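S.K.: I am attaching a structure below and will ask some questions about it afterwards.
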Amino acid sequence: MIDLSTTYMGLALRNPLVVASSSLTGNLEGVKQAATAGAGAIVLKSLFEEQIAAETAALGKHADYAGHTEAAEYLQGYGMALGPQEYLQLVKDSTQAVDVPVIASINCFSHNNWSDYAKKIESSGASAIELNIGLLPTNTGQQGRAIEQRYYQILHEVKSQVKIPIALKVGPYFSSFAEIAKHLGHDRAEAPAFTVGWCGPGETTGNIVWRKADALVLFNRYYQLDIDIDNLELVGGNPLSTPADINNSLRWISLLYNRIESDLAASTGIHSGRDAIKQLLAGATITQVCSTLMTNGFDQIGRILQEIEKWMQTQGFDSIGEFRGRLSQAKSEHPEDYERLQYIKLFVGLE
Ligand SMILES: Cc1cc2nc3c(=O)[nH]c(=O)nc-3n(C[C@H](O)[C@H](O)[C@H](O)COP(=O)(O)O)c2cc1C
């Protein structure tokens, strides 16, 4: 008897296939369809920090707002029309309508003005919150350390407000992703030492516990920029991923498994049961899917689950725990293989 059940951020899931945040999960109908199709959990469409701030009239104070074009369009009514109040209603309705965990999602870039809202999400019944932190640091004067500090501040602020688990969905663009994953993935007695100017006057972080993210979602796939050479203008690239986009996430899941305490959620490029199995073997706690559902419909969830079950039968595995992380670096006899970046042999062959 195959058992697909698993635990994610302390939540019991019937299987490790989670519907990622997108317009598919921005309304009750989509949430119900995802649950009926067999999803292990559902991440709702993100609400933007700016929307929450706008409601509390704090928007004008946001120095970064002007550069956040996606949010500006969003606020002008492009995309999902839900405001913060309607979003709380969606959380309430969704948690009542389905019997799988519903994870709310906030797209944010600062810890200012909006973190109270996390409490409201918690009171509305969400099982957890996924914070999609989207920063594109284009300012040449901005230091890398200051950007990293934002991530710690946002996590710290939201963790101080709520008891439900918090996942951080991040991109891969850090100088030292392993280091930031370590800081986000462990409880700490002190704020990371390098964060000069973190505390206000007279404040100390000495007796605060800086709590880990309950999960890291690796990785976000950002809006793709492209250029139309015939009309000489900027256009959006393909918003949907392909299976070829899986490798970066696969590499980092396999490198971080058993090295940080947060759960690891795999996102980007998972289109089939094979892809999900690869991520589980690398060490993913759960696998998130979006593009494949947009292309193939919610029935794809059943097909992916069947594929995983069939593979487990063939391999003689009864539960996910029997093979999760088996191909992680931590369990490998050849850990150096995971750190190879260059195609040495290929270049040699071409000479
Ligand atoms: C149309 C569309 C809308 C999306 N909206 C959100 C969103 O609101 N919040 C979020 O965290 N991710 C959003 N995403 C990103 C997906 O959750 C996911 O991380 C990304 O598509 C990569 O996964 P995939 O390869 O399975 O598509 C969106 C993706 C698409 C294609």
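The values are calculated or read from the model by the stated rules, or taken from the named source; none is laboratory data. Small disclaimer: the values here were computed from a predicted structure and weren't measured. Using ideal geometry, Cβ is built from the backbone for each residue, glycine included, and neighbour counts are taken over all protein chains shown. The protein model used for the area step is the full one, side chains on, heavy atoms only, and it has no ligands, DNA or RNA in it. Shrake-Rupley method; radii C 1.70, N 1.55, O 1.52, S 1.80 Å.
S.K.: Using per-residue counts of other Cβ atoms within 10 Å, averaged over each peptide, order 315-325, 333-343, 42-52 from highest down.
M.R.: On the way: 315-325: 15.2, 333-343: 9.0, 42-52: 25.6.
Ranked by mean Cβ neighbours within 10 Å, highest first: 42-52, 315-325, 333-343.
S.K.: Which whole-Hz ³J(HN,Hα) couplings does segment 112-127 yield from phi under the Karplus relation 6.51 cos²θ - 1.76 cosθ + 1.60, θ = phi - 60°, glycine and proline marked x?
M.R.: Using θ = phi - 60°, the values come out as 7, 6, 10, 5, 3, 4, 4, 5, 5, 5, 4, 5, 7, x, 4, 6 Hz.
S.K.: Related question: For Leu225 and Arg326 in the same chain, what is the full-extension length gain: residue separation times 0.36 nm, less their Cα-Cα distance, in nm?
M.R.: Working: separation 101, 0.36 × 101 = 36.36 nm, distance 3.65 nm.
Extra length available between Leu225 and Arg326 comes to 32.7 nm.
S.K.: Within segment 219-290, report the chymotrypsin sites (Phe, Trp or Tyr not before Pro) that DSSP leaves as loop and that have at most 15 other Cβ atoms within 10 Å. Mind showing how you got there, number by number?
M.R.: Values: sites: Phe219, Tyr222, Tyr223, Trp252, Tyr257; in loops: Phe219, Tyr222, Tyr223, Tyr257.
Passing both the DSSP loop test and the Cβ count: Tyr222, Tyr223.
S.K.: Applying a 10 Å radius around every beta-carbon, put 10-23, 149-162, 262-275 in order of their mean neighbour count, most first. Each step should come with its number before you reach the end.
M.R.: Details: 10-23: 21.6, 149-162: 19.1, 262-275: 23.7.
The packing order, highest mean first, is 262-275, 10-23, 149-162.
S.K.: How high is the FRET efficiency between Asp318 and Ser176 when r is their beta carbon distance and R₀ equals 41 Å, given to the nearest 0.05? Walk me through the numbers on the way to the answer.
M.R.: Working: r = 39 Å, r/R0 = 0.94.
In this case the efficiency is close to 0.60.
S.K.: Hey, rough spin-label estimate for Asn247 and Lys119, points 7 angstrom out along Cα→Cβ, what's it come to in nanometres?
M.R.: About 4.8 nm, to one decimal.
S.K.: Divide, for segment 1-56, the radius of gyration over alpha carbons by 2.2 N^0.38 Å, where N is the residue count. Each step should come with its number before you reach the end.
M.R.: Numbers: Rg = 14.2 Å, N = 56, 2.2 N^0.38 = 10.2 Å.
Dividing the Cα radius of gyration by 2.2 N^0.38 Å gives 1.40.
S.K.: Mind pulling the per residue volume of the convex hull built on the Cα atoms of segment 225-351? Å³ is fine.
M.R.: Per-residue hull volume (Cα only) is 170 Å³.
S.K.: When Rg is the radius of gyration of the Cα atoms in segment 208-249 and Rh is its Kirkwood radius, what does Rg/Rh come to?
M.R.: Working: Rg = 17.0 Å, Rh = 13.6 Å.
Ratio of gyration radius to Kirkwood radius for segment 208-249: 1.25.
S.K.: Per residue, how much accessible area does segment 81-173 have with a 1.4 Å probe, in Å²?
M.R.: Working: 3790 Å² over 93 residues.
Counting only protein heavy atoms, the per-residue value for segment 81-173 is 41 Å².
S.K.: A 24 angstrom limit on the alpha carbon distance is what I want to check against. Which of Lys45/Lys92; Lys92/Lys278; Lys92/Lys310; Lys120/Lys182; Lys32/Lys92; Lys32/Lys120 exceed it? Present the calculation step by step, with values, prior to reporting the outcome.
M.R.: Details: Lys45/Lys92 14 Å; Lys92/Lys278 34 Å; Lys92/Lys310 36 Å; Lys120/Lys182 29 Å; Lys32/Lys92 13 Å; Lys32/Lys120 22 Å.
The answer is Lys92/Lys278; Lys92/Lys310; Lys120/Lys182.
S.K.: Going toward the positive end of the dipole of segment 99-168, with +1 on Lys and Arg Cβ and -1 on Asp and Glu Cβ, which of Gly144, Ala104, Ile164 do you reach last?
M.R.: Among Gly144, Ala104, Ile164, the one farthest towards the positive end of the dipole of segment 99-168 is Gly144.
S.K.: Could you list which residues have their amide H under 5 Å from that of Val170, counting only those 5 or more apart in sequence or on another chain, with H placed in the peptide plane?
M.R.: For Val170, whose amide H was placed from the backbone, the distant partners under 5 Å are Val217, Asn220.
S.K.: A further question follows. Using θ = phi - 60° and the Karplus relation 6.51 cos²θ - 1.76 cosθ + 1.60, list the HN-Hα couplings for segment 32-44 in order, rounded to whole Hz, with x at every Gly or Pro.
M.R.: Ordered by residue, 3J(HN,Hα) equals 5, 5, 4, 5, 4, 6, x, 4, x, 7, 9, 9, 6 Hz.
S.K.: When the scattering of segment 262-324 is computed by the Debye formula from its Cα atoms alone, each counted once and equally, what is log10 I(q)/I(0) at q = 0.11, 0.13, 0.26, 0.29 Å⁻¹?
M.R.: -0.23, -0.32, -1.13, -1.28
S.K.: Let me ask something additional. Compactness ratio of segment 114-169: Cα Rg over 2.2 N^0.38 Å, N = residue count? Intermediate results must be reported in sequence, preceding the final value.
M.R.: On the way: Rg = 13.1 Å, N = 56, 2.2 N^0.38 = 10.2 Å.
For segment 114-169, the normalised Cα radius of gyration comes out at 1.29.
S.K.: Still on this structure, please answer the following. Rg and Dmax of segment 83-199, Cα atoms, in Å?
M.R.: According to the Cα coordinates of segment 83-199, Rg and Dmax are 15.5, 48 Å.
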